[in-house]
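Take a look at the structure set out below.
The values are calculated or read from the model by the stated rules, or taken from the named source; none is laboratory data. Bear in mind that the values here come from a model prediction, so they are computed numbers and not experimental data. Here Cβ is always computed from backbone atoms with ideal geometry, including for glycine, and neighbour counts include all displayed protein chains.
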């Protein structure tokens, strides 16, 4: 029993030793030397002037090519590994360096194969002129075939090595991208959590402040103090709306929302939002031009979220459009009939020197719009809410014309 255990242990040790050797580069050197020695011995045997059947020479040529294949593949692999020892696969210029190396070695292998082919052709010509071996020309055409076979083997070895390097680089890029994505997600989640916590913590004292201001309005105060209280109330209410928007935006961005999907009618929704804002529209001095499609505009979405989207788009147009200009509201059904679309177009009251991506960023506002009331959350909320509902939001700028578009599946 003890002897059997020792034998098994010895086999395991030998197997581990063999795996360790195969993982080291020395194995390629051993294979190269051994294969070269055996290959050249058989080549000299084939080229020597001796009377042997063609079948025997072909068999020996097969084993010779096998030895040369192991030899050349081993030497080439060892050289490539040594050359790549300081190659930074994380370098930005990896692909350019990869292409340069591959072209260089293709040229080197081509030059060596060309020289060997010339030598094989010379040998072939010499054999044809020699009458001593007129009955057996295997020593003439076997070297020609050997050149072609070994050129293919070397190119396959090169191609395999370069693919391994490319795969390592792609795996490294994938790991870097994954780490970057995870870091970005953690950072975004931290921002969302911070906004949610701050918004929640501000709500309680702000609600108390608004309540005390309402109580103060009931007291007998001078006209000046009453005006101050009114201003404070409006500003506090504005701050409360902004905090609520921040909280809603953070909640939606985190995906922690419950959607109550139901059948809605886009035309009716636009009319309702516009009617609810009629007083503000009248005070703004802007003219609203409503162009509603006659086609059915039924679609499925959450009514509260969709109402907020349309409301924010109208408020954004009121805040940032030029005075005494027209604001166009337009609904339509897409050509394929699978979506409903709402467009709102206005003329900006300031230069719009920003990109579409900057517009939907949180707190993004035009520099000239700082005199207007707004917190820069309107379109960010529209973008986030639309995405949560599975719709699409887009904006376009043409000189001073600003157009916002939302689409929902029917």
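Annotations for the structure displayed:
- Qualifying residue in segment 269-288 (condition: within 16 Å of residue 408 (Cα to Cα) and in the same structural domain as residue 383 (by TED's automatic domain parsing)): yes
- The single residue among 33, 21 that is modelled with pLDDT under 75, in a helix (DSSP H, G or I), closer than 29 Å to residue 81 by Cα and assigned by TED's automatic domain parsing to the domain that holds residue 157 turns out to be 21.
- Some residue of segment 322-330 being within 17 Å of residue 396 (Cα to Cα), in contact with a helix residue (DSSP H, G or I) (Cβ under 9 Å, 6 or more places away or on another chain) and outside any strand (DSSP E or B): no
- Looking across segment 365-388 at every residue that is surrounded by fewer than 20 Cβ atoms within 10 Å (Cβ to Cβ) and under 30 Å from the mean Cα position of the chain (by Cα), the one that is modelled with the lowest pLDDT is identified as 376.
- Boolean, residue 343 is free of Cβ contacts under 8 Å to residues at least 40 places away in the same chain and within 31 Å of the chain's Cα centre (by Cα): no
- So residue 343, is it touching a strand residue (DSSP E or B) at 6+ places or on another chain (Cβ under 9 Å), modelled with pLDDT of 70 or more and closer than 24 Å to residue 299 by Cα: yes
- Some residue of segment 208-216 being closer than 30 Å to residue 110 by Cβ and touching a residue at least 24 places away in the same chain (Cβ under 8 Å): no
- Exactly one residue among 208, 138, 180, 222 is assigned by TED's automatic domain parsing to the domain that holds residue 39 and surrounded by fewer than 14 Cβ atoms within 10 Å (Cβ to Cβ), and that residue is 180.
- Filter result for residue 150 (touching a helix residue (DSSP H, G or I) at 6+ places or on another chain (Cβ under 6 Å) and touching a residue at least 12 places away in the same chain (Cβ under 8 Å)): yes
- Within segment 308-317, no residue satisfies the criterion of being surrounded by fewer than 18 Cβ atoms within 10 Å (Cβ to Cβ) and in contact with a strand residue (DSSP E or B) (Cβ under 9 Å, 6 or more places away or on another chain).
- Single residue of 251, 235 found to be in a helix (DSSP H, G or I) and over 30 Å from residue 217 (Cβ atoms): 251
- Residue in segment 306-317 that is over 22 Å from residue 249 (Cα atoms), touching a helix residue (DSSP H, G or I) at 6+ places or on another chain (Cβ under 9 Å) and either assigned to a strand (DSSP E or B) or modelled with pLDDT of 90 or more (or both) present: no
- Of all residues making up segment 268-297, the number that are within 16 Å of residue 333 (Cβ to Cβ) and in contact with a helix residue (DSSP H, G or I) (Cβ under 8 Å, 6 or more places away or on another chain): 5
- Exactly one residue among 90, 96 is without any contact (Cβ under 8 Å) to a residue 12 or more places away in the chain and over 16 Å from residue 161 (Cα atoms), and that residue is 96.
- Complete set of residues in segment 227-243 that are surrounded by 14 or more Cβ atoms within 10 Å (Cβ to Cβ) and in contact with a helix residue (DSSP H, G or I) (Cβ under 8 Å, 6 or more places away or on another chain): 229, 232, 233, 236, 239, 240, 243
- Residue 15 meets all of the listed conditions (1) at pLDDT 75 or above; (2) within 30 Å of residue 165 (Cα to Cα) but one, namely (1).
One line per residue, one yes/no per condition, for (1) surrounded by 17 or more Cβ atoms within 10 Å (Cβ to Cβ); (2) at pLDDT 90 or above:
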position	(1), (2)
320	yes, no
327	yes, yes
349	yes, no
354	no, no
